[in-house]
Amino acid sequence: MRRGAAGAAAAALLLTLACCAARAAPADAERASDALARDMLEQLIAINTTDTPRGNVTRAAEAMAQRLRATGFPAADVQVLGPSERKKNLLVRLRGTGEHRPVLLIGHLDVVEARREDWSTDPFQLVEKEGEFYGRGTLDMKGPDAIMLAALIRLRREGFRPARDIILALTADEEGGAANGVQWLLLQHRELLDAQFVLSGDDYSVLTENGRPLFFKLVASEKVYADFQLRVTNKGGHSSAPVPDNAIYTLTRALDRLATYEFPFELNAVTREYYRRLAAIESGGRAADMRAILHEPADPGALARLSQDPLDHSITRTTCVATRLDAGHANNALPQRAEAVVNCRILPGHSPEEVRQRLVQVLADPAITVNYLASDATLHDVAPAERGFAPPPLLPEVMTPLDQLVTQTWPGLIVIPSMSAGASDATHTSAAGLPTYTFSPLTVDPNDDREHGRDERIGVTSFYQANEFFYRYLRALTAH
């Protein structure tokens, strides 16, 4: 009896220890992955990848490639390639069984400029303080880059064999410059990016207000980016004898007309679904206004009230805004030239040339020339005529595991498809016929969104939570 009882107790103890060990193993793996993601984030922040003489995207790509090779990725599956010595891109593939076509993950390694004198910390050093990670690119988008890399490395270490190849491309010049990595790879190595669909990490997804999560945003459509140069010239003269025909006055009067012009209201399949789902979790007058603009025609009062919010205004119409001015050549001379850059974000289904012609009509002055300003800084009399891509279908392969994991992580939260008012590399993959969906499971209050700004930061807890979320999502997405 005693020996039997002792044996049973020992067996029970062993079972308990085994269960504890089984629970500890995932926790240990999660901690190791968090440490790795932080380490990679710190390394990436320290490498200046701005489009300046000091910036070098290739250094960041090589640093991450070295980590991947050290983890056991075959050298043939880790490539660093690009059009110039400073603008090379990282491409890595985790090979699967081939049961399904690959999934392509994309992110950019370049960041916008940041000056030390503008920041409270060194922008090119990861600083952790008061529960936040500070540094240029923490949010846009070296934080998401580190998360995607950590997920890929963790899956490799676990010996996971996905049902589809997982391709990760971390690229140059998304923020600006003449060597956009995604565009270059699609033109030069299209076969390396072949995939059923694309996941971009270039936008945070868990929107909060006063610390409370509101919804999970999945970007499934984007506006088209286009710059235009407005130019006025005349003979000038001495400033002591001013004349009515002043290039600066002509240009600024036209810009005043542009400032009061509204492009037509328009919804597409994604923005219509966005407002339908958002109205279900909003309350009061705002929810009623969202439902009212879904009518045909939209309720004018509801539209006017919603349009007072910059986000609602920007996703329901094309927008054009003056962003730069340059005029004159001397303090004591009448200007012979006045120029402005107008940046437009164009709704899907419309082309830059269509908008250029509309600008000519709105400015309503033959003295003003309106030229398309391409990304390589060249000017063209005519803008591209290609219309923005139509939103892709919401594929069950993408949505089902996302819906399930969002519910598990944030009970009560729902996934809401949306259209980005900005533009990212998803424009290039979508134009190439690759359905593209953008999300990064970081928690951010839009009122404290510091992308491109001073003291860019992400929450430490948010970073680690997003790291585990993306690993679990990627594993579910590519499981057999």
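The values are calculated or read from the model by the stated rules, or taken from the named source; none is laboratory data. Source: prediction; values computed, not measured. Positions of Cβ are generated from backbone atoms using ideal geometry, with glycine treated the same way; all protein chains shown enter the neighbour counts. Calculation scope for accessible area: heavy atoms of the full protein, side chains included, ligands and nucleic acids excluded. Shrake-Rupley method; radii C 1.70, N 1.55, O 1.52, S 1.80 Å.
Structure notes:
- Across every direction, the projection of the convex hull enclosing the Cα atoms of region 28-159 has a mean area of 9.3 nm².
- Calculated from backbone phi, Karplus (6.51, -1.76, 1.60) coupling profile of region 470-480 in Hz, x at Gly/Pro: 5, 4, 5, 5, 4, 5, 5, 5, 10, 6, 6
- Charge dipole (debye, nearest 20) of the chain; +1 at Cβ of Lys and Arg, -1 at Cβ of Asp and Glu: 1280 debye
- Label-to-label distance, residue 378 versus residue 331, with points set 7 angstrom from Cα along the beta-carbon direction: 4.0 nm.
- Per atom type, region 218-318 shows carbon and sulfur on 56% of its accessible surface, probed at 1.4 Å.
- The mean of 1/r over all pairs of different alpha-carbon atoms in region 250-354, once inverted, gives a Kirkwood hydrodynamic radius of 16.2 Å.
- Contact order normalised by residue count of region 59-114, Cα under 8 Å, 6+ apart, percent: 30 percent
- Kirkwood analysis of the chain, using all unique Cα-Cα pairs, places the hydrodynamic radius at 24.7 Å.
- The residues of region 332-441 have, on average, 41 Å² of accessible surface per residue, using a 1.4 Å probe with all protein chains present.
- Subtracting the Cα-Cα distance of residue 407 and residue 309 from their residue separation scaled by 0.36 nm leaves 32.4 nm.
- Where only alpha carbons of region 439-480 are counted, the Rg and the Dmax (Å): 13.0, 44
- Fraction of beta bridges assigned by DSSP in the chain that are antiparallel (%, nearest 5): 70 percent
- In a DSSP loop and with at most 11 other Cβ atoms within 10 Å, the trypsin sites (Lys or Arg not before Pro) in region 210-245 are 235.
- Between the residues 171, 91, 221, the greatest Cα displacement towards the positive end of the dipole of the chain, with unit charges on the Cβ of Lys, Arg, Asp and Glu, is found for 91.
- Note on region 107-213: the alpha carbon radius of gyration divided by the globular reference 2.2 N^0.38 Å gives 1.29.
- Kirkwood Rh in Å, taken over region 328-480 so that all alpha-carbon pairs contribute: 19.8 Å
- GluC sites (Glu not before Pro) restricted to region 423-480 and DSSP loop, no more than 15 other C-beta within 10 Å: none
- Residue-span extension gain [residue 121 to residue 191] - 0.36 nm each, minus C-alpha spacing: 21.0 nm
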